[in-house]
Each structure stands twice: as structure tokens, then as C-alpha cells.
Amino acid sequence: MPKSPAPRLPAPSVGRVLTPQAQTLRVAGRTLLAGERLDMAALAQDVGVNRTTLYRWFGSRDQLVADALWSLADRTFDHLERDLPDDGQAVAPRLVAEYALVVIEHPGIRAFLGHDSAYAFTLLTGRRFGYHSRLVARILGLLRKDHAAGLLTVGGDVALEDLAYTSARIIEVYAHAFELTGEAADGDRARRVLRALLR
């Protein structure tokens, strides 16, 4: 069955004033999505600060990369949520599933994951850099909102926290499939599994 075309990641907001740190994350994100290695000296020059300032803001290059990728992910969630029809149906099942498709199938994300799969896996799935915990928290917020509105029923003794954690891990398994199993990343499979889990 042919894969559905993946929507684009959101374009930068026009006219919005960003903090220097937020602007740095935008520039870093564009560099990563272009398939380029993030060089701290070049980034500092691009945003008009020195490397010492970058390290003071983010602590390390790895943390900056994780924060830049989360900034993209967070804005992608916002973009997809705005595009969902207000039809009285649960938001979380559709939004989380579509998010998985977008991020896994995006060429820039695929290039980043494929360039050094072990590095990407460590950066995005562990606790140290906060990407995974922020993904779980974002999904949990959606689940809680749907549950409070009576739009999402969770059977048995399954906690919403566990459902959010499992959803995040499903996204990660399909995004990092090459590192885990040697298979290609597959956003469409992730989307279908998440829809089945969260229905």
C-alpha cells in the first residue's frame, strides 16, 4: 500500500519577535534539517554571538541539538493541532498519529537520524537531554485534555501517563528502526499503530 504524503514541518511565524535563544534554536533547526552538521562556531557567527554565549545558554552542543529538535517538534504539534477540524472528536489519537508521520517521514529528520543513528538514538530517547520527557509530557497533555472532555476512554487500569509513555516509545521505535532492527524508518506504520492504540 503506498504511503500517504507527509505534511511539511511548520514554517517560521512571520512577525513574531523571538528571544536570542529561540532564534538560535530556529537557526540550528534549519541547519539540522538541511542535513548539515551543527558547527558551534558557524552558528555563533550566524546569530551574532560568540561560542561562549552559546555554551552559557545551552550547556553543550548536544543539548543545543536536542533543544533545537524539540523546538521543531513542539511547533509541529502546534501546527497540526491548528489544522485539525473542530468536530467534537478526540484530538490526541489523530494528532499524535499525524505527528509521528510528519517527523519520521520528513527528509531532513531522516537525514539527521541516518547520519549517525547511534548518536541520534542516545540524544532523543534517553533522559539526559530532555527530548523524550518533553515528548511524553506533550502527549500526556493532549490525552488529559481529551479525557477531561469525555472524548477519550481508557480501559482497565491503564494510567494516562503510561499511555503517553508508550505512545512516545512507539514513535521512537519506528523513527529509530534502523538503529534497533536494521529496518528503514516507517512513519506510516507508526501512524497506524498509534491510531489503533489511542482509539
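No lab work stands behind these numbers, since they all come straight from the coordinates. In this text the structure is predicted, and so the values were computed from the model without any measurement. Here Cβ is always computed from backbone atoms with ideal geometry, including for glycine, and neighbour counts include all displayed protein chains.
General remarks:
- Each Lys and Arg adds +1 at its Cβ and each Asp and Glu adds -1 at its Cβ; summed about the Cα centre, the chain shows a dipole of about 280 debye.
- Taking Leu95, Leu101 and counting other C-beta atoms within 10 Å, the order from fewest to most: Leu95, Leu101
- Here the range 70-86 and the range 102-135 have alpha carbon centers that stand 18 Å from each other.
- Cα-based helix-to-principal-axis angle, 20-33 vs the chain, degrees rounded to 10: 80
- If you plug the beta carbon distance of Thr19 and Met40 into 1/(1 + (r/R0)^6) with R0 = 22 Å, you get a FRET efficiency near 0.70.
- Positive-pole candidate from Ala177, Ile109, Ala159, dipole of the range 61-198, charges at beta carbon: Ala159
- Sparse-neighbour loop sites [GluC sites (Glu not before Pro); the range 102-199; at most 13 other C-beta within 10 Å; DSSP]: Glu183
- Choice from Thr24, Thr181, Thr166 with maximal GNM fluctuation in the chain (Cα, 10 Å cutoff): Thr181
- Backbone geometry of the range 53-64 corresponds, through the Karplus equation with coefficients 6.51, -1.76 and 1.60 at θ = phi - 60°, to 3J(HN,Hα) couplings of 5, 4, 5, 5, 6, 10, x, 7, 4, 4, 5, 5 Hz, x marking Gly and Pro.
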